[in-house]
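The next block holds one structure in the form of C-alpha cells; read it before the comments.
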Amino acid sequence: EDLSEILSVKSDGSITIPRIGKIQIAGLSMNTAQQKVSEFVTQKVTGSSASISLETIRDIQVVIVGFAKVPGIYTVSGNSSVLSALKVAGGIGLGGSYRDIVVKRNDKEIAVFDLYDLFLRGNLTQNVALKAGDVILVRASKEIVAVYGGVKKPALFELNNENIIDIL
C-alpha cells in the first residue's frame, strides 16, 4: 500500500502520522529527521519504509540593530542567514562595520560575521542560519584607512588586526 500524507509540524515540534503515531522532529536536520521518521515507521509497521520532504518553511522574526541602514524587527524566511537578513535591512549603514557583525541567540554571541572574509576569500562559515528571536548587531566601524595613488583598487578599508602590508 502506498500512502502519501502532507503533515504539519505542530507547535510542540511533533508530527502525527495517521495510524502510526506521534514523533518529535523539531530542531533536527532534514537528514536526521528522515532517519528518525523512517526508523519510527519501520518499528511500527514491519516491512515498511518512509521518506519525508519539506513543503514550506515558516517565517521567523529577527531583530537587526546598530548600524544597519534600516534597523528594526524583520520577518524573514525560516531558512534565512545573516547575509540575507542584512539585505532585507538595506545593508550596512553609514559608520557601520563590515567586519564586526554579531549574531546573538538567547543573549549569547554565537557568531561574528566579517563581510571582508566573504568579499575577499569567499568564506561563508560565519554566515549562520538564523532562528526566531535572533539579534543581528552591526557594530560601529573602528579604524578606516584610505589607500589610493599607485594601487589597482583605490578604496577605504576597515582594519581588523591587519597591517599596511596586508592592506596593500
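The values are calculated or read from the model by the stated rules, or taken from the named source; none is laboratory data. From a predicted model like this one, the values you see are computed outputs, not experimental measurements. As a convention, Cβ positions derive from the backbone with ideal geometry for all residues, glycine included, and neighbour counts pool all protein chains shown. What goes into the accessible areas is simple: the full protein's heavy atoms, side chains included, and nothing from ligands, DNA or RNA. Shrake-Rupley method; radii C 1.70, N 1.55, O 1.52, S 1.80 Å.
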Cα gyration tensor shape of region 80-136, rounded if a/c is under 1.5, else prolate or oblate by comparing a/b with b/c: prolate
Distant-in-sequence amide H partners of Ser14 (H built 1.01 Å from N, under 5 Å): Ile25
Within a Gaussian network of the chain (alpha carbon springs, distance under 10 Å), most fluctuating of Ile57, Ile25, Ile92: Ile25
Charge sum, other residues only, whose C-beta stays under 15 Å from Gln61's C-beta, Lys/Arg counted +1 and Asp/Glu -1: +2
The chain - mean residue ellipticity at 222 nm from DSSP helices (-39,500 (n - 2.57) per run, n ≥ 4, rounded to 500): -5500 deg cm²/dmol
Distant-in-sequence amide H partners of Ser141 (H built 1.01 Å from N, under 5 Å): Gly96, Ser97
For Ala26, net neighbour charge (Lys/Arg +1, Asp/Glu -1) across residues whose Cβ lies under 14 Å away: +4
Extension gain from Asn160 to Glu55, taking 0.36 nm per residue of separation minus the Cα-Cα distance: 33.6 nm
Computed lengthening from Glu5 to Lys104, 0.36 nm per intervening residue step minus Cα-Cα distance: 32.0 nm
Sequence of Asp134, Asp59, Asp12, Asp107 from largest to smallest accessible area, 1.4 Å probe: Asp107, Asp59, Asp12, Asp134
Size of the chain as Cα extents on the principal axes (Å, biggest first): 74, 30, 24
In region 1-84, the GluC sites (Glu not before Pro) that fall in loop regions by DSSP, at most 16 other Cβ within 10 Å: Glu1, Glu5, Glu55
Normalised convex hull volume, region 1-93, alpha-carbon set, Å³ per residue: 100
For Phe40, net neighbour charge (Lys/Arg +1, Asp/Glu -1) across residues whose Cβ lies under 15 Å away: +2
Cα centroid of region 84-127 to Cα centroid of region 1-46, whole Å: 35
Three-way shape call for region 9-49 based on the alpha-carbon gyration tensor, with the a/c threshold at 1.5: oblate
Karplus-derived 3J(HN,Hα), 6.51/-1.76/1.60, for each residue of region 48-56, Hz, glycine and proline x: 9, 9, 9, 9, 10, 9, 9, 8, 9
Heavy-atom accessible area order for Arg105, Arg121, largest first, 1.4 Å probe: Arg121, Arg105
Principal-axis tilt of helix 30-44 within the chain, Cα atoms, nearest 10 degrees: 10
